[in-house]
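Student: I have a structure here, written as structure tokens, and I will follow up with some questions on it.
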Amino acid sequence: MARRRFQQPKPKRAGRFWYIRIWQDVLCGGRPTRKLKRIKIAPDTVPEREVRKIAAEVVAPLNQGLVTVGAGVNFGGFIETIYKPNYLPLLARPVQNCYLSLLKLHLLPAFGHLCLRDVSRATLQGYFASRAGGVEYPTLVKIRDAMSSVMRSAVDSEYLIKNPMADMKLPPDKRKRGIKPTITPEQFHWLMTIIAEPYRTMIFTATFTGLRISELLALKWRCITDSGISVEERFYRGDWSCPKTDSSAATIQVSAEVLNRIHNLKTMTIEFKAGCAVRRYPAVKSPGSDDLVFQSPLSGKPMRDGNVLRRHLKPAGKTLGIPFLNWQCLRRSYATWMIQAGVDPKSAQAQMRHSRASTTMDIYAQTVATGQRRAVEQLSTFANQKLVTVLSQKNAPFSEQVN
């Protein structure tokens, strides 16, 4: 390809607009070349002196080498030839599946026909502004994350100089705010009477340890000690990986009741109906140190969190009038119960395995009506005591008030 040239095109008026013609780098058949392109820069009402200034700003990135040859690659072609084979496999499998779906449904229809250089900050900002209200806000956040991943890979592979998604602003989130729901110990008691084994032990362990469901599914027998549970791995929807953060890979103390329930799985038999017959399977097919604690009764493979949620946890919650019940609700309930029981914030943070105590106190531990009522009663008692003191001093002689 010819050496890059300094361009200083003269604006020309055509119809109702001013235009300039510049050479742009493009890829034709996978080979870099240059093509002459006419660009509209201003209406004809703008004076020529101002039009020259605008033209100089348009061609400045080309003259400074800020627009590379790779920027002429088609966005859809970049996704198929570079992003999917080289960068997408570096992400966790659930994230891969999510991004592939978002690319297919949202990003490729909007940007697939454009070159990478045409996916500018202004174009992206207009796209996200127009999508406000058209999709749910959590979906909009995921679309932004997927597009950021694509643009970062374009910068990393030297197709772009700068990531146009840097500091991208989303429309304001107008969803209703509310306290994140938790359950009471009484509700949890009735929950345990409805759910069958081995899922009962699984949910009991999740609630009284605060483990994330991915960490619970990855528990192996070597992780169960005489007084606690060690978190070494996590398993989420077919993907094995390390714990979420460095603080998550820790050993927590658990009660003897939790440990006894876990060890009872080794002697437990699960019954399944097969037509008119009843089939029995051991809850733990293999109790080796490297085997899973919570195994599928039929195959011995890792359980799927979605199946347990839909078939056991959600139906039980609906029966008890707790439609919001899910794995995250159990983890929040554990943090809330600890604070209600008087556990100091630092110990609660250690049990939840958070990097900061503020995460435990501000995000997971929720205020409940009984605690608020107790606070109001304590305030009323305090105010009444002060009032009695003031009135007694008011009725006393002046000399006693001075003393």
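Student: Based on the Cα atoms of the stretch 185-364, what semi-axes does the equivalent ellipsoid have, where each is the square root of 5 times one gyration tensor eigenvalue, given in whole Å with the largest first?
Tutor: Whole-Å semi-axes of the equivalent ellipsoid: 27, 20, 15.
Student: Can you run phi through the Karplus equation (6.51, -1.76, 1.60; θ = phi - 60°) for the stretch 167-176 and list ³J(HN,Hα) in whole Hz, with x for Gly and Pro?
Tutor: 6, 5, 9, 8, x, x, 7, 9, 6, 5
Student: Please work out how much length the chain gains when fully extended from Ile363 to Asp145, using 0.36 nm per residue of separation minus the C-alpha to C-alpha distance, in nm with one decimal.
Tutor: Value of the extension gain: 76.2 nm.
Student: Can you give the convex hull volume per residue for the Cα atoms of the stretch 75-156, as a whole number of Å³?
Tutor: Enclosed volume per residue, from the Cα hull, is 85 Å³.
Student: For Tyr137 and Glu158, calculate 0.36 nm times their separation in residues minus their Cα-Cα distance, and state this gained length in nm to one decimal.
Tutor: Full extension from Tyr137 to Glu158 adds 4.4 nm.
Student: Based on DSSP H runs of at least 4 residues, each adding -39500 (n - 2.57), what is the mean residue ellipticity at 222 nm of the chain after dividing by all its residues, to the nearest 500 deg cm²/dmol?
Tutor: Value at 222 nm, helices only: -12000 deg cm²/dmol.
Student: Would you mind putting 292-304, 8-20 in packing order, based on average other-beta-carbon counts within 10 Å, highest first?
Tutor: Result, highest mean Cβ count within 10 Å first: 292-304, 8-20.
Student: Can you give the FRET efficiency for Lys285 and Gln328, using 1/(1 + (r/R0)^6), R0 = 35 Å, r = Cβ-Cβ distance, to the nearest 0.05?
Tutor: FRET efficiency, Lys285 to Gln328: 0.75.
Student: How many nm is it between the label spots at Glu232 and Arg177, if each spot is 7 Å from the Cα in line with the beta carbon?
Tutor: 4.3
Student: For helix 137-156, report the angle its Cα long axis makes with the longest principal axis of the Cα atoms of the chain; keep it between 0 and 90° and round to the nearest 10°.
Tutor: Helix 137-156 sits roughly 50 degrees off the main axis of the chain.
Student: Over the stretch 175-324, what is the mean sequence separation of C-alpha contacts under 8 Å (at least six apart), divided by residue count, expressed as relative contact order in percent?
Tutor: Worked out over the stretch 175-324, it gives 24 percent.
Student: Follow-up. Subtracting the Cα-Cα distance from 0.36 nm times the residue separation, let me have the gained length for Thr123 to Lys220 in nm, one decimal.
Tutor: Length difference between fully extended and current span is 30.0 nm.
Student: If amide H atoms are built 1.01 Å from N in the plane of the peptide, which residues on other chains or at least 5 residues away come under 5 Å of the amide H of Lys220?
Tutor: For Lys220, the qualifying residues are Val293.
Student: Treat the count of other C-beta atoms within 10 Å as a stand-in for reagent exposure and order Thr33, Thr267 from fewest to most.
Tutor: Exposure proxy ranking, most exposed first: Thr267, Thr33.
Student: With 19 Å as the limit, write out which pairs from Lys244/Lys314; Lys12/Lys37; Lys244/Lys301; Lys244/Lys318; Lys10/Lys53 have Cα-Cα distances beyond it, or answer none.
Tutor: Lys244/Lys314; Lys244/Lys301; Lys244/Lys318
Student: Next question. Got the relative contact order for the chain handy, in percent, Cα pairs under 8 Å and 6 or more residues apart?
Tutor: 11
Every read-out reported here was derived from the displayed coordinates using simple, explicitly stated rules and does not represent laboratory data. In this text the structure is predicted, and so the values were computed from the model without any measurement. Here the Cβ is made from the backbone with ideal geometry for all residues, glycine too, and neighbour counts use every protein chain on show.
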